[in-house]
Structures are given as C-alpha cells and as structure tokens.
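Comments concern the structure below.
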Amino acid sequence: MLKGKTVVLGIESTAHTFGCGIVDEDGKILADVRDTYVPEKGGKHPREAAQHHSNVSAEIVAKALREAGITINDVDAIAVALGPGLGPCLRAGAVIARALAIHYSKPLVPVNHAVAHIEIGKLLTGAKDPLVVYVSGGNTLIAAFSGGRYRVFGETLDIALGNCLDVFAREAGLAPPYVVKGMHVVDLCAEKGSKIIDLPYVVKGEDLSYSGLLTAALKKLTEGNEKLEDICLSFRENAYNMLIEASERALAHTRKKEVLLTGGVAASPILQNKLKLMVKEHNASLHVTPKKYAGDNGVMIAWTGLLMFKYGITIESEKAFVNQRWRLDEVDIPWMK
Ligand code: FE2
C-alpha cells in the first residue's frame, strides 16, 4: 500500500489495445501505458491482436510500474477487463492478470469493460448520475443508473456506430488511418459534401440499427453516381442523428440532468455538437470523456477495479473466465446510491 492509500493496477485487452493503468483511491492516475495493434491493411483480426497483446503485456506492466514509481508490492489488487470484447484478446489479458494475482498473492477484481468506460468518464468529467451515450468500435448503447445497476435503455440491434464508420471508411479507400488530425476520416470527408442523399435511417424506440445504412452507403459507392463527399455527409448525418434521436428519447424517459458521452467515437466534434444542442433543449449538461481516456485504456479498468475492490468484489483466479458478451446490466454498482 502506498502511504496508506489503496492502489490498483488494471489490465485492458478487450479489443486492439493492450493497456495497463495504475490509480490510487483519490482517482489519481499514477501510470497509463498502452500499445495498440494496427494491422498493415484490411480489418483487425482478433487472433493477431491477441498475439500482439501477449507479446507486449509483460513489458507494458513493467513500464507502468516504473512510471508510477512503485513495485508490485505496493499494489493492493489487480483488476482485469473480463468482457465484453473479442475472445482471444480478452484471454490474453486474463492470462497475465491471473498470473500476477497468483504469483504475487494479490486479490483479482473482475471488471466489466462497459462499466469502466462509464466510471472513468464520471471520474474525469465530474458527472454524478448521467445518461450515458457509449459509442465505440464494438459498442453503441444508451444507459443510465437505475435500481442498483446501469440499465440499457437503447442499443444497436446489429453493428456498432464505430464499426459502421470504420468499415465504410475502409471500403471507400479513406482508411487506414481512421483518424487524421483528430477527426475520423468520414467526418473529414463529409465536411466537403454539400448534397444529402437518401439513405436508411433506422431508430426503433430507443434502439438503433446501422447495418442497413452501411449496406446502402456502400451500394452508393459501388454505383458511382454520387460524389464520395456527398455519400460521406449523408451517411454521417444519418448515423449521428439516429443516435441523437434515441438518446433524446432516453433522456426524456429517464429525466437525468447530465449526459455523458464516452467511448472511442466520443472524440467526434461533429457528434459532440449535435449532442450538445439536444442536451441544451432538455436543460441538462453535457460531459464528454477527455479524448485520451475515451478510447480503451488500462486506467479505466484500474479505477473501476478500485471502486469494486472497496466494496469487497473480487474473484478467485481459477474462476476468472472471460465473457465475450458480459452485459452492462448484469453488474451490481454498489458505489452508486
Ligand atoms: Fe471500449
């Protein structure tokens, strides 16, 4: 223990980033080290990403301890993201977390990756009880705390918003890289568009469907009758506006006074502006997780692990199995009143 303060080391490996974060009980970030697997071309292969994680894990953990200026003996618990995520990637993180816990006789804390995105957002923005809009490559959901858990009010019925944007960008020859000068390449290309083309817009209550929009936008690309900039603009407008509409319904439904935008797609200034306008209409405040911590990182796992550890939530290493489909609403949140 560090000067009497609880310190937790967190491991993140649910997708393409392997991260190790270390935090103390005051929410001070002592270390944040990460490495992201980037394939040379094409999509991201879970097995190759997992191989990357295994290759870098020991060095990243060692580097995080050095950055924090502590040794493993100063760490009170090891937290690990056990899901949701890609199976091979999750297992790579679980292996090192279990090894650390067993070898150094440390308690192991099982962290849900989606809960961690919410908790790091709350810690860094000061939001207390927000409606959460969590958008990333693998997740698109609208959630809020109710009855002891984060309840999902709306979500994608098929692919995630981030994945939808990335696949389109790749097929259109705009990516990789997916982000240029802090903007997603689809956002950038859309800035030069001027015409709105009719594309699917699918909101069902508070749920969303992105696959039809993606297929139709890709078809427009192949047909070649429209300018790429116009397709990007129309595609982006529908993709974001669908999310805003579903979020607005959830905000009216839950009557929360704060909205937290988090996940990798939260960095989009276009999406932020749209959400800001909607939130203002409802006299609520918008909180955006800082870009550095909106994407996957070990700090969010460490911080959520610390909250859980303080409530005595740990797991035996032998039972720490990964769960690719571990839902947000399956996790008790005892630190929220
Ligand atoms: Fe994530």
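The values are calculated or read from the model by the stated rules, or taken from the named source; none is laboratory data. Every value quoted in this text rests on a predicted model; they were computed, and no experiment measured them. Neighbour counts are summed over all protein chains in view; Cβ atoms, including those assigned to glycine, are modelled from backbone coordinates with ideal geometry.
Out of the residues in the stretch 104-156 meeting the condition of being assigned to a strand (DSSP E or B) and either among the polar types (S, T, N, Q) or in the same structural domain as Asn73 (by TED's automatic domain parsing) (or both), tell me which one is nearest to Tyr178 (Cα to Cα). Full working, then the answer.
Of the residues in the stretch 104-156, the ones assigned to a strand (DSSP E or B) are 108-112, 131-135, 140-146, 149-156.
With either among the polar types (S, T, N, Q) or in the same structural domain as Asn73 (by TED's automatic domain parsing) (or both) added as a condition, the list becomes 108-112, 140, 146, 156.
Values: Leu108: 35, Val109: 33, Pro110: 31, Val111: 28, Asn112: 26, Thr140: 18, Ser146: 36, Thr156: 21 Å.
In this case the residue turns out to be Thr140.
Is there a residue being crowded, with 22+ Cβ neighbours inside 10 Å, of a type in the set (S, T, N, Q) and within 16 Å of the ligand (Cβ to nearest atom) anywhere in the stretch 10-25?
Yes, the stretch 10-25 has at least one match.
Considering only residues that are among the hydroxyl-bearing types (Ser, Thr, Tyr) and either closer than 15 Å to Met336 by Cα or within 23 Å of the chain's Cα centre (by Cα) (or both), which ones fall in the stretch 305-319?
Here is the first cut: in the stretch 305-319, the ones among the hydroxyl-bearing types (Ser, Thr, Tyr) are 311, 314, 317.
Answer for the stretch 305-319, where residues must be among the hydroxyl-bearing types (Ser, Thr, Tyr) and either closer than 15 Å to Met336 by Cα or within 23 Å of the chain's Cα centre (by Cα) (or both): Tyr311, Thr314.
All but one of (1) closer than 20 Å to Ile270 by Cα; (2) surrounded by 18 or more Cβ atoms within 10 Å (Cβ to Cβ) hold for Val152; state the number of the condition that does not hold.
Checking Val152 against (1) closer than 20 Å to Ile270 by Cα; (2) surrounded by 18 or more Cβ atoms within 10 Å (Cβ to Cβ), the one that fails is (1).
Working only within the stretch 218-243, note down all residues that are touching a Lys or Arg at 6+ places or on another chain (Cβ under 7 Å) and buried (at least 18 other Cβ atoms within 10 Å of the Cβ).
Within the stretch 218-243, Asp230, Ile231, Tyr240 qualify.
Where in the stretch 241-337 are there helices (runs of 4 or more DSSP H), lying wholly inside it, with at least 1 residues that are away from the ligand (no atom under 16 Å from the Cβ), touching a residue at least 60 places away in the same chain (Cβ under 8 Å) and not assigned by TED's automatic domain parsing to the domain that holds Lys128?
On the way: elements: 269-281, 291-294, 298-310.
Here the list reads 298-310.
How many residues does the stretch 83-98 contain that are small (Gly, Ala, Ser), over 24 Å from Glu25 (Cβ atoms), buried (at least 21 other Cβ atoms within 10 Å of the Cβ) and within 16 Å of the ligand (Cβ to nearest atom)? I'd like the intermediate steps shown before the answer.
Step one: of the stretch 83-98, the residues small (Gly, Ala, Ser) are 83, 85, 87, 92-94, 97.
Now narrow it down to the ones that are over 24 Å from Glu25 (Cβ atoms): 83, 85, 87, 92, 94.
Now restrict to residues that are buried (at least 21 other Cβ atoms within 10 Å of the Cβ): 83, 85, 92, 94.
Retained after the next criterion (residues that are within 16 Å of the ligand (Cβ to nearest atom)): 83, 85, 92.
So the answer is 3.
Restricting attention to the stretch 118-160, report how many residues are within 12 Å of the ligand (Cβ to nearest atom) and under 21 Å from Glu248 (Cβ atoms).
Taking the stretch 118-160 first, the residues within 12 Å of the ligand (Cβ to nearest atom) are 118, 120-121, 134-141, 160.
Adding the requirement that they be under 21 Å from Glu248 (Cβ atoms) leaves 118, 121, 134-136, 139-141, 160.
Here the count works out to 9.
From the list Asp76, Asp35, which one is of a type in the set (Asp, Glu), within 16 Å of the ligand (Cβ to nearest atom) and either farther than 22 Å from Thr140 by Cα or in the same structural domain as Val152 (by TED's automatic domain parsing) (or both)?
Among Asp76, Asp35, only Asp35 is of a type in the set (Asp, Glu), within 16 Å of the ligand (Cβ to nearest atom) and either farther than 22 Å from Thr140 by Cα or in the same structural domain as Val152 (by TED's automatic domain parsing) (or both).
Criterion first (among the small types (Gly, Ala, Ser), assigned to a loop (DSSP other than H, G, I, E, B) and away from the ligand (no atom under 13 Å from the Cβ)) does Ala101 satisfy it? Can you show your working first?
Working: among the small types (Gly, Ala, Ser): yes; assigned to a loop (DSSP other than H, G, I, E, B): no; away from the ligand (no atom under 13 Å from the Cβ): yes.
In short, no.
Residue by residue, here is whether (1) under 11 Å from the mean Cα position of the chain (by Cα); (2) acidic (Asp, Glu) holds:
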| residue | (1), (2) |
| --- | --- |
| Leu86 | no, no |
| Val95 | no, no |
| Arg98 | no, no |
| His103 | no, no |
| Val109 | no, no |
| Val115 | yes, no |
| Gly121 | yes, no |
| Glu155 | no, yes |
| Ile159 | no, no |
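Mind counting the residues in the stretch 175-224 that are part of a loop (DSSP other than H, G, I, E, B), touching a Gly at 6+ places or on another chain (Cβ under 8 Å) and aliphatic (A, V, I, L, M)? Let's see the steps before the verdict.
Taking the stretch 175-224 as the starting set, the residues that turn out to be part of a loop (DSSP other than H, G, I, E, B) are 175-178, 181-182, 191-202, 205-206, 209-210, 224.
Now restrict to residues that are touching a Gly at 6+ places or on another chain (Cβ under 8 Å): 200, 202, 205-206.
Subsequent filtering for residues that are aliphatic (A, V, I, L, M) retains 202.
Of the residues in the stretch 175-224, 1 are part of a loop (DSSP other than H, G, I, E, B), touching a Gly at 6+ places or on another chain (Cβ under 8 Å) and aliphatic (A, V, I, L, M).
Of Ala116, Ala169, which residue is farther than 18 Å from Ser209 by Cα and free of Cβ contacts under 8 Å to residues at least 60 places away in the same chain?
Ala169
For the stretch 19-49, enumerate the residues that are touching a residue at least 40 places away in the same chain (Cβ under 8 Å), part of a helix (DSSP H, G or I) and over 18 Å from the mean Cα position of the chain (by Cα).
Arg47
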